[in-house]
Amino acid sequence: MDRQQEYVLRTVEERDIRFIRLWFTDVLGTLKSVAVAPAELEPAFEEGLGFDGSAIEGYTRITESDMLVLPDPGTFQVLPWRGSPPGTGRMFSDILLPDGSPSPGDPRHVLKRALKVAGDMGFSFYTHPEIEFFLFRKPVVPGEQPVPVDDAGYFDHVAQGDGHDFRRHAISMLEAMGISVEFSHHESAPGQQEIDLRYADALSTADNIMTFRTVIKEVALQQDCFASFMPKPLSGHPGSGMHTHLSLFEGDQNAFYEAGGRYQLSKVARQFIAGLMHHGPEIVAVTNQWVNSYKRLWGGAEAPAHVSWGHNNGSAMVRVPMYKPQKENSSRIEVRTLDAACNPYLAFAVLLRAGLKGIEEEYVLPEETEDDVWRLTNAERHALGIRALPASLSEAIDIMERSELVADVLGEHVFEVFLRNKRQEWADYRAQVTPFELTHLLPRL
């Protein structure tokens, strides 16, 4: 038994932890949980805990349903919202087949596989997400317009505002679970909040995002409001994104940094950006996986709807933030397409592999876009070689289906399951008669 396992067992005993929840996600990024008693924890570390994988979206077929959930002791934390002892802990877990091999349907393994590709090239991959979400007053009734908790805007300080107290409680809870927070503030739309996590390795960040979404929901329940990561819940207001900063390191050295380079970017960084741009339309179905995601991308308000990059250009798909000449490790890039409703394991995997493809194939980075892409005409964008990102989930999955890169990153099983699920989502969405049609067409036709 290793030291991490020993630490978990000792902590469980000393802190009177009666329930340990083993967390993992399905292919869509929905959090799943099974609780084990302390007496079952040591056997779970050694051989995993059996469960029926056929009941989990994208894991396996009914004819081969037996699977194992193997807890990762390095992710153990006590859940602070469970109150006083006896307590509840949690660990993220890997999903295995009965023979002990990784399940092809496990999104966490998809990211681990991508990280191994980076490791074989000498790189480690770090991410730093800026997570936006909405707070609404309860009750939130499906099909009815939700009511934001405030009518504030960007960086507004609202006296005795619900958002202040909410963010304070949420950040305290996140930090109690070992998740460091860098910034928090009110965002542009009514009721919209942003909390930025500190950078960490991509696997830890993906785990942290899953924890973040759970913490936000729990705090919202405690404060009698409703939190949503839906990309575009309000018409006429900006949607919620998850702008994510990316960097590669070679040992302790930032592989994206080059003293004296344009914006301090190295050749590796430029090729990585070129890879993101070359494969950008192919990966959007993963980074923006819901029908509603495209309402945000094509809703203006600096949302990135076109394949472009720029220095401090908020309308670009890839932004190079303002660099700090004396801080080598601050050189990074920001991908602005993602929303927080994605499966972070799959999203980080496709972003990483797209960038690495640019390094492997030595893609040439096109000229940066200095203009606001939204203000350009279609003819101007065409003349500049600026391609559009998919405008709908249907278009995105059609492009993804033809992508050899995405098929390789996700693996055959996840690739097929993901496409099948998204096609069904689009078919269900397309079959709906919307309030827009009833409002504008029913009285006239």
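Structure data summary
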quantity: Condition check for G122: within 30 Å of E250 (Cβ to Cβ) and either in the same structural domain as E412 (by TED's automatic domain parsing) or more than 22 Å from the chain's Cα centre (by Cα) (or both); calculated: yes
quantity: Residue in the range 136-143 that is of a type outside the set (D, E, K, R), surrounded by 18 or more Cβ atoms within 10 Å (Cβ to Cβ), at pLDDT 95 or above and in the same structural domain as A340 (by TED's automatic domain parsing) present; calculated: yes
quantity: Selected residue [assigned by TED's automatic domain parsing to the domain that holds D120 and more than 20 Å from I273 (Cα to Cα)] from R387, R353, R381, R423; calculated: R423
quantity: Residue within the range 155-162 that is over 29 Å from V350 (Cα atoms), polar (S, T, N, Q) and outside any helix (DSSP H, G or I) present; calculated: yes
quantity: Tally of residues being over 11 Å from L41 (Cα atoms) and touching a residue at least 12 places away in the same chain (Cβ under 8 Å) across the range 8-17; calculated: 5
quantity: Matching option when the condition is assigned to a loop (DSSP other than H, G, I, E, B) and not assigned by TED's automatic domain parsing to the domain that holds W81, among D196, D151, D165; calculated: D151
quantity: The lone exception for A259 - which of (1) farther than 22 Å from G191 by Cβ; (2) not in a loop (DSSP other than H, G, I, E, B) it fails; calculated: (2)
quantity: Residue list for the range 265-316, restricted to those being touching an Asp or Glu at 6+ places or on another chain (Cβ under 7 Å) and either over 18 Å from P366 (Cβ atoms) or of a type in the set (D, E) (or both); calculated: N288, V291, S293, R296, G314
quantity: Residue selected from the range 388-401 under the condition in contact (Cβ under 8 Å) with a residue 40 or more places away in the chain and not β-branched (V, I, T), by the criterion nearest to D106 (Cα to Cα); calculated: M400
quantity: Answer residue from the range 369-383, given it is of a type in the set (D, E) and touching a strand residue (DSSP E or B) at 6+ places or on another chain (Cβ under 9 Å) and is nearest to W298 (Cα to Cα) among those; calculated: D371
quantity: Hits in the range 282-326 (condition: part of a strand (DSSP E or B) and over 19 Å from the mean Cα position of the chain (by Cα)); calculated: H306, W309, G310, H311, V320
quantity: Extreme residue, nearest to D428 (Cα to Cα), among residues of the range 370-414 that are assigned to a loop (DSSP other than H, G, I, E, B) and at pLDDT 85 or above; calculated: S392
quantity: Matching entry among E380, E425, E412, E416 (being exposed (fewer than 15 other Cβ atoms within 10 Å of the Cβ), in contact (Cβ under 8 Å) with a residue 12 or more places away in the chain and acidic (D, E)); calculated: E412
quantity: Residues (of a type outside the set (D, E, K, R), closer than 26 Å to R82 by Cβ and in contact (Cβ under 8 Å) with a residue 60 or more places away in the chain) located in the range 173-200; calculated: M173, A176, M177, G178, Q193, I195, L197, A200
quantity: Pair list, Cβ under 8 Å, 6 or more apart: the range 101-117 residue of a type in the set (S, T, N, Q), other residue part of a helix (DSSP H, G or I) and at pLDDT below 95; calculated: S103/G53
quantity: Per-region count, the range 331-344, residues over 16 Å from F229 (Cβ atoms) and either assigned to a helix (DSSP H, G or I) or β-branched (V, I, T) (or both); calculated: 2
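Matching residues to (1) on the phi > 0 side of the Ramachandran plot; (2) in contact (Cβ under 8 Å) with a residue 24 or more places away in the chain; (3) surrounded by fewer than 23 Cβ atoms within 10 Å (Cβ to Cβ); (4) assigned by TED's automatic domain parsing to the domain that holds E130:
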| residue | (1), (2), (3), (4) |
| --- | --- |
| A202 | no, yes, no, yes |
| R213 | no, yes, yes, yes |
| C225 | no, yes, yes, yes |
| P231 | no, yes, no, yes |
| D252 | no, no, yes, yes |
| Y263 | yes, yes, yes, yes |
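The values are calculated or read from the model by the stated rules, or taken from the named source; none is laboratory data. As the structure is a prediction and not an experimental result, all values here were calculated from the model. Virtual Cβ from ideal backbone geometry, glycine too; neighbours counted across all protein chains shown.
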